[in-house]
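Here's the structure, in structure tokens; my notes come after.
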Amino acid sequence: MYKNDSVLPFFGLLLAVAFWMMAYYDGLHLAALAGHPLEELSGGQFGLITFGALFFIYGVMGYVSYWLEGDELRPGRHESPNSFWAGVTIATLVIILVALSGLLVQTVIYWANTGPVSYGFAGRLTGYILLDMAAILMIYKKYFVAEVVIAEDEHSEVPW
Amino acid sequence: MNQNIERIEVFLDESKEPLQVLTNPPFKVKLDTLNIPDGPHTLRVVTVFKGGKMEENVVDFEVDNLPSPFIDGIDDGQQVRGVVEFDVLTGDYEAPKSKGRLTATLAVLSTIVVLGLIWAFFAFSGMSTSIVAANAVQTEESKPAAANADHGKELYAAQCASCHGAKAEGGFGPALAGNPMVGEADDFNKVVVQGRGSMPPFSNLSEQDLADLRAYLSSLGGKSDAGAAAAPAAPAASEADVATGKSVYSQQCAGCHGPNGEGGFGPALAGNPLLDKPEEFNKVTHEGRGSMPPFPQLEDDKLAAVRAFLKTK
Amino acid sequence: MYRWFDERLNLTRFNKKFLNKAFAVHHSYFIGEIALFAFVTLVITGIFLTFNYEPSIRMVKVAGKSLPAAYASVLYIDSLPFGAVLRSVHHWSASIMIAAAFIHLLRILISGAYKRPREINWFVGLLLLLLTILTAFTGYSLPFDAFSATATGIGYGIGTSIPYIGEWVSQVIFGGEFPTVHSIPRVYSLHVLWFPLLLMATLGLHMLVMVKQKHTQPTYAKKVAPGRILGVPLMPQQAYMSTILFLLYLAVVFFIGGTWIAHPIQVYGPPTASTPLVKPDWYLIWVYGILQIIPGDLKIPLPFGAVMNSEFIGSVLIPGILGLVAILLPFLDTRRTKMRYMELPTRHPVRTAVTFALLAFLVTTTLAGWKGELGLSAGQLWAIIIGSSLLTYLVVYYAIILIWGRPPKEDLDAA
């Protein structure tokens, strides 16, 4: 709570792994005992995976914020580093994004005309596309957007 | 570049004296904001054209070099009486950043502790034992050594007969003679110890008592322990088995699971991993699961035939 | 284009005022934002679901089988391209929204952000949590499969158990004794119209008040610019961060939603006479756990012939008491000035330890929901619940005192 450091995000990620580990072991346990197919989640596993996902998003985002915005702000304008290789990375990611989007369209067409596609494939494909977009924005913000920090009066007129 | 421009005058705020007068391009102005007080200011840029015409641009801006002191302890519009204490806080825009972050040692240590605790919980609690037990290959040694059918008979007469009938033929409770549950030690014990439906729990019975009970019940002509143990090692399916299986399947199962096990209202059975787990398969069929009703009347050998039939699909 | 709008709407003024607004930077703000993005995802996927869902339990013939129309329409949704994945994402998002709202609440609690002047937002937030759970609960019944019908039945029972008004409340929500033909249409209208509208209004209020009152800033900001909002402008930087978070959130949810289809109704089947005994969703298992370990036949008579039964005590009274304590919490604080900076949890050992003890209580009561599977008696479970809550309190309290030392007197007063 003192600054925007990486301590809590680290524990966020650690908790995420911990929750998923519990869900995994719990699943093994249930599958072994109750003849419960592994892919069918129990209520408890559902909760564990939910909290795992929440802490994972929080942890990753905490690290992203630590990387992009630093642990402490100082007022002023800090120009971006403008790296050539960052540009190359973004271009590569954009090409991958286009390719993945083509695949996504193919998936929809196949599903509509021929028959269902594995849910896992469809979900993960969408996930990769979104992840790719997030990565592009992250790199763009880090290398091409100037960092402006302002110290605003607390009685600002927004929204009234 | 406009040839008509005579000069450009830059004024700060209300001052009559221009801050700078530019006559030649490039028109560059340097303003050191450290020399003027913080707060709102106005920059007035007057362009004088040849012939006396004038053009004026006004820019409002705010200088913020030093953080203004802040009064903590008394708010705007707050009513006060008596002695009032408050702090005047000063900030520093260039304050050095504080040290202190997560050290590698602490990170590794906490990872080991948190994940280790979870691992230990699952490894050493009863859960893992039951996982291992459920996956263990049943051998003669692993069964209760001296299942005493006579003791089981006494126990049965005292504890169970009133509901399940003197000869386990059923009564208020279901028949136990020949009940496939008797062959499934874990399920049997669980139901007896914890109760099920209208059956009360008999937590007073020890493991040995339960083994004796099962020994007695299986001697009544139902499925024996040996039968259940032999199931996983069932011989390769014969033609006859497949034919039997097919007829049983089409009468009892096809309505929901499709004529060829391809699934329908119920899940697909062809290629279902459950086929390779005879005990679970039998259990699900006998007891039902989810919206599937129980089929206790199908004996284990008939189910083996059904499995043989489904494996051909 | 911009000029055209600017001349008519004076956009430049708007930009200067709003888009340049400073947002403080701290990773703990992201938890509330995750809840917000979960809500946005729920609305968007929810629109897709309403296009294809039929709120009715009349029987229809599908592929030679007679199925309730609601169940059949969910099967139809699953057959559409990405239909099952979107339905799964909807279900997971609901789950994550509740989890995020709850963790957000704990964050507010341990950093003291509920104190003056933010009491209003604390109450609005509590209301939001309640509304979120109600919305999730009504949504659970809509597929009308074997599990959801049973779980909703439990909810109906809980509603009925409220003395005096219970019958009335339950019947208003479920359109008569559950399940009737009116139940699903009515619950549907609540789930897709009234609760989301209420949620949007409450959420809007929550954010408006937040923007007005500003975040409680991380403590270092006091050293740099006391009394001011040290932050990044809404446009472009805060917008970048929010977009990245939203994309990241969606990526994770699609990953999980595709890999584990939430609530696979094909497996559960439509409701039958012998519906299986199910536990409620994870966020209500602690209530279910309490019901498991209090005597099932309590009957405390009230005036005018009403009784408080066990169901009411376990599932309405105990959570209600927790909620009441939460509502009264800001009034314990007697500070006269505004709260501007987050309080360090280590400087408030009592409050932090109580928060962790509450967490231990919720975890252990959740575990009690598996009473049968764990093979423990009610007495043992009570011992575990009370014991671990107290133990957590003592361990956290003394760990803080030991590592960070006793807090200065002034901090104690504020706690």
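The values are calculated or read from the model by the stated rules, or taken from the named source; none is laboratory data. As the structure is a prediction and not an experimental result, all values here were calculated from the model. Note that we place each Cβ from the backbone using ideal geometry, even for glycine, and neighbour counts take in every protein chain shown. Note: areas computed on protein heavy atoms with side chains; ligands, DNA, RNA excluded. Shrake-Rupley method; radii C 1.70, N 1.55, O 1.52, S 1.80 Å.
Details
Yes/no matrix, rows are residues, columns are (1) in a loop (DSSP other than H, G, I, E, B); (2) open to solvent by 30 Å² or more (accessible area, probe 1.4 Å); (3) not assigned by TED's automatic domain parsing to the domain that holds residue C:179:
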position	(1), (2), (3)
C:4	no, yes, yes
C:7	no, yes, yes
C:31	no, no, no
C:36	no, yes, no
C:43	no, yes, no
C:47	no, yes, no
C:51	no, yes, no
C:66	no, yes, no
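- Only one entry in C:110, C:103 is modelled with pLDDT under 95, open to solvent by 20 Å² or more (accessible area, probe 1.4 Å) and facing chain A (nearest Cβ under 9 Å), namely C:110.
- Any hit, segment C:124-141, residues being part of a helix (DSSP H, G or I) and over 29 Å from residue C:32 (Cα atoms): no
- Selection count where residues are surrounded by fewer than 22 Cβ atoms within 10 Å (Cβ to Cβ), within 10 Å of chain A (Cβ to nearest Cβ) and in contact (Cβ under 8 Å) with a residue 40 or more places away in the chain, scope segment C:264-279: 2
- If you filter segment C:289-334 down to residues that are open to solvent by 50 Å² or more (accessible area, probe 1.4 Å) and aromatic (Phe, Trp, Tyr), you find that the one that is nearest to the chain's Cα centre (by Cα) is C:331.
- Within segment B:18-36, the residues that satisfy the criterion of being open to solvent by less than 70 Å² (accessible area, probe 1.4 Å), in contact (Cβ under 8 Å) with a residue 12 or more places away in the chain and not in a loop (DSSP other than H, G, I, E, B) are B:22, B:33.
- Residue C:80 being open to solvent by less than 20 Å² (accessible area, probe 1.4 Å), among the aliphatic types (A, V, I, L, M) and more than 28 Å from residue C:128 (Cβ to Cβ): no
- Residue list for segment B:81-96, restricted to those being at the interface with another protein chain (Cβ under 8 Å from one of its Cβ atoms) and either in contact with a Pro (Cβ under 9 Å, 6 or more places away or on another chain) or surrounded by 14 or more Cβ atoms within 10 Å (Cβ to Cβ) (or both): B:89, B:90, B:91, B:92, B:93, B:95
Conditions tested, residue by residue: (1) among the basic types (Lys, Arg); (2) within 14 Å of chain B (Cβ to nearest Cβ); (3) open to solvent by 30 Å² or more (accessible area, probe 1.4 Å).
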position	(1), (2), (3)
C:213	no, yes, yes
C:217	no, yes, no
C:220	no, yes, no
C:224	no, yes, no
C:230	no, yes, no
C:236	no, no, yes
C:243	no, no, yes
C:247	no, no, no
C:253	no, no, no
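- Among the residues making up segment A:67-78, those that are surrounded by 20 or more Cβ atoms within 10 Å (Cβ to Cβ) and not charged (D, E, K, R) are A:68, A:73, A:75.
- Within segment B:173-185, residues that are surrounded by fewer than 21 Cβ atoms within 10 Å (Cβ to Cβ) sit with their Cβ atoms under 7 Å from residues that are at pLDDT below 75 and assigned to a helix (DSSP H, G or I), at 6+ positions apart or across chains, in these pairs: B:173/B:163.
- Here residue B:11 meets each of (1) of a type outside the set (Val, Ile, Thr); (2) closer than 19 Å to residue B:62 by Cα; (3) outside any strand (DSSP E or B) with one exception, condition (3).
- For segment B:269-281, a residue qualifies if it is touching a residue at least 12 places away in the same chain (Cβ under 8 Å), more than 10 Å from chain A (Cβ to nearest Cβ) and assigned to a helix (DSSP H, G or I), and the qualifying residues are B:275, B:278.
- Test: residue in segment B:40-60 that is of a type in the set (Phe, Trp, Tyr), more than 14 Å from chain C (Cβ to nearest Cβ) and open to solvent by less than 60 Å² (accessible area, probe 1.4 Å): yes
- Qualifying residue in segment B:63-74 (condition: assigned to a strand (DSSP E or B), of a type outside the set (Gly, Ala, Ser) and over 23 Å from residue C:338 (Cβ atoms)): yes
- Flag if residue B:98 is among the polar types (S, T, N, Q) and modelled with pLDDT of 75 or more: yes
- Test for residue C:152: is it in the same structural domain as residue C:76 (by TED's automatic domain parsing), of a type in the set (Ser, Thr, Tyr) and under 14 Å from the mean Cα position of the chain (by Cα): no
- Taking segment C:315-415 and the helices (runs of 4 or more DSSP H) fully enclosed by it, no element has 2 or more residues that are of a type in the set (Lys, Arg).
- Residue A:138 being outside any strand (DSSP E or B) and free of Cβ contacts under 8 Å to residues at least 60 places away in the same chain: no
- Any hit, segment A:132-149, residues being facing chain C (nearest Cβ under 7 Å), open to solvent by less than 20 Å² (accessible area, probe 1.4 Å) and over 22 Å from residue A:82 (Cβ atoms): no
Here is a yes/no grid of residues against (1) more than 9 Å from chain C (Cβ to nearest Cβ); (2) modelled with pLDDT under 95:
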residue: A:4; (1), (2): no, yes
residue: A:21; (1), (2): yes, yes
residue: A:34; (1), (2): yes, yes
residue: A:51; (1), (2): no, no
residue: A:58; (1), (2): no, no
residue: A:69; (1), (2): no, yes
residue: A:73; (1), (2): no, yes
residue: A:91; (1), (2): yes, no
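- Candidate set: segment C:369-378, residues that are open to solvent by 50 Å² or more (accessible area, probe 1.4 Å) and among the small types (Gly, Ala, Ser); chosen: the one farthest from residue C:287 (Cα to Cα): C:375
- Yes/no for residue C:74 being away from chain A (no Cβ under 14 Å), among the hydrophobic types (A, V, I, L, M, F, W, C) and either open to solvent by less than 20 Å² (accessible area, probe 1.4 Å) or closer than 30 Å to residue C:213 by Cβ (or both): yes
- The one condition in (1) modelled with pLDDT under 95; (2) within 11 Å of chain C (Cβ to nearest Cβ) that residue A:79 fails to fulfil: (2)
- Test set (1) buried (at least 21 other Cβ atoms within 10 Å of the Cβ); (2) polar (S, T, N, Q); (3) touching a residue at least 60 places away in the same chain (Cβ under 8 Å) - residue C:152 fails condition number: (3)
- Residues (β-branched (Val, Ile, Thr) and more than 9 Å from every other protein chain (Cβ to nearest Cβ)) located in segment C:6-51: C:12, C:40, C:41, C:43, C:44, C:45, C:47, C:50
- Residue check for residue C:176: facing another protein chain (nearest Cβ under 10 Å), of a type outside the set (Phe, Trp, Tyr), over 30 Å from residue A:113 (Cα atoms) and not in a helix (DSSP H, G or I): no
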